[in-house]
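Presented below is the structure to which this report refers.
The values are calculated or read from the model by the stated rules, or taken from the named source; none is laboratory data. Fair warning: this is a prediction, and the values are worked out from it, not measured in the lab. Using ideal geometry, Cβ is built from the backbone for each residue, glycine included, and neighbour counts are taken over all protein chains shown. Just the protein is used for accessible areas: all its heavy atoms, side chains included, with ligands, DNA and RNA removed. Shrake-Rupley method; radii C 1.70, N 1.55, O 1.52, S 1.80 Å.
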Amino acid sequence: DFEKELSVIGVRSIHGEFVHYAVAENQHHRHILDVSMIPAGIEPDIQQEAIAITRDLMAQLNMVGVLCVEFFLTRSGQLLINEIAPRPHNSGHWTLDAAITSQFEQQVRALCGLPLGATTQTYPAAMANLLGDLWENGEPDWVQLLDYPTVKLHLYGKTEARLGRKMGHLTALGVDGQSPEALVKKARSSLMQPLKESLCNR
């Protein structure tokens, strides 16, 4: 019986330097990550505790590189570790567009013994997965996304779309007070609408 699912992306260098990104709040659908909102809507003390647990866990494991720690937040305010992933993680893909240094660049920096980059978040953000379900009637009409200037599309280059398979993701930036969660869900929903005219005929 939990209130929210959270995750922390931590990074630790070969020298023991530790940095982290903002705590993400995750929504799942059919046991697959659906949407991540960053920063999470939680109290500051919960945020600090989640970060501290991540830092201590990485130190105890002598972990070098990127580690994602997923948590359940119980209704009584207790954090329970649900899963750990010793690699760049789906819930951290937003860092490509809304952080000074992405989790992928940090992985290279950490493993090569280079100084770790800044993890400052540039805008509030939300990430929505694009599953193979969207390809059920053919490839989605990506032109639809041009109506959302603060939404970024990332496709993974997978050749076969299957139900439940992660084919890519969208990241929405909360510019000028926009809700990135609402924006990313609206943008993804547009891909399910009837095809618009081609870009050439606009």
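Some notes on this structure:
- Given (1) farther than 30 Å from Glu17 by Cβ; (2) more than 20 Å from the chain's Cα centre (by Cα), number of the condition Leu145 does not satisfy: (2)
- Per-region count, segment 6-31, residues open to solvent by less than 40 Å² (accessible area, probe 1.4 Å) and assigned to a strand (DSSP E or B): 11
Table: residues versus (1) touching a strand residue (DSSP E or B) at 6+ places or on another chain (Cβ under 6 Å); (2) within 17 Å of Leu191 (Cα to Cα).
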site	(1), (2)
Gln106	yes, no
Gly117	no, no
Tyr123	yes, no
Ala128	yes, yes
Gln144	no, yes
Thr150	yes, yes
Thr159	no, no
Ala172	yes, yes
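- Selection status of Thr122, under 18 Å from Ser36 (Cα atoms), modelled with pLDDT of 95 or more and either touching a Lys or Arg at 6+ places or on another chain (Cβ under 6 Å) or of a type in the set (Asp, Glu) (or both): no
- Screening the candidates Thr54, Thr95 for the property of being polar (S, T, N, Q), without any contact (Cβ under 8 Å) to a residue 60 or more places away in the chain and surrounded by 14 or more Cβ atoms within 10 Å (Cβ to Cβ) yields one hit, Thr54.
- Qualifying position, being open to solvent by less than 70 Å² (accessible area, probe 1.4 Å) and farther than 20 Å from Pro39 by Cβ, among Asp147, Asp133: Asp133
- Condition met for Ala161 (more than 20 Å from the chain's Cα centre (by Cα) and either buried (at least 16 other Cβ atoms within 10 Å of the Cβ) or within 27 Å of Ala40 (Cα to Cα) (or both)): yes
- In the set Asp1, Asp56, only one residue is more than 30 Å from Ala187 (Cβ to Cβ), acidic (Asp, Glu), modelled with pLDDT under 95 and over 13 Å from the mean Cα position of the chain (by Cα); that residue is Asp1.
- All told, Ser76 meets the bar of being surrounded by fewer than 13 Cβ atoms within 10 Å (Cβ to Cβ) and polar (S, T, N, Q).
- Filtered residues of segment 41-51 (kept if in a loop (DSSP other than H, G, I, E, B) and open to solvent by 50 Å² or more (accessible area, probe 1.4 Å)): Gly41, Glu43
- Of the residues screened, Ser102 is one that is open to solvent by less than 40 Å² (accessible area, probe 1.4 Å), closer than 27 Å to His15 by Cβ and either without any contact (Cβ under 8 Å) to a residue 24 or more places away in the chain or more than 13 Å from the chain's Cα centre (by Cα) (or both).
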